[in-house]
1. Can you tell which of Ile108, Ile76 is part of a loop (DSSP other than H, G, I, E, B), loosely packed, with under 10 Cβ neighbours inside 10 Å and at pLDDT 60 or above?
2. Output the qualifying pairs, or none if there are none: Cβ atoms under 9 angstrom, residues six or more apart or on different chains, first residue in the range 36-50 and within 20 Å of Ile76 (Cβ to Cβ) and in contact (Cβ under 8 Å) with a residue 12 or more places away in the chain, second residue part of a helix (DSSP H, G or I) and aromatic (Phe, Trp, Tyr).
Amino acid sequence: MKLNHRRETEQVYTVTNAPRPMSQDIEYRQRRYLVSMGVRTGCFIGAVVAAVAGAPFWVAGLMVVGALLLPYISVIFANGGREPTPSARFDDAQGPEQKPISGQRPEIGS
């Protein structure tokens with residue numbers, strides 16, 4: 001007769017490897033998206049200024065391409081889901097060092 005009805009598939013988190021709260025994750029993704037959109041705005045303004053100032057065509061074209069591609073990339077990263085967090089490791093990869101055997105020390109011959 002089995003008295004302990006514990007589930008083996010139940011996952012238990014320790015404090016060190018618990019996932020980041022959803023509010024912090026959303027805040028991080030929003031901040032990253034806003035920075036990317038700021039860079040996009042800078043690319044767009046830079047393309048207009050470069051075209052008006054008579055800069056080479058490739059400079060303005062590169063900025064226009066950046067302004068067109070950054071929204072797609074930003075949305076993909078913002079909606080990509082939660083970032084993986086490294087889990088804590090309690091085991092030592094090298095193995096524990098063996099302590100010397102206690103007892104009488106060997107005598108040093110003189």
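The values are calculated or read from the model by the stated rules, or taken from the named source; none is laboratory data. Predicted model, so just to flag it, every value in this text is computed and none were measured. As a convention, Cβ positions derive from the backbone with ideal geometry for all residues, glycine included, and neighbour counts pool all protein chains shown.
1. None of the others qualify; the one that does is Ile108.
2. Ser36/Phe77
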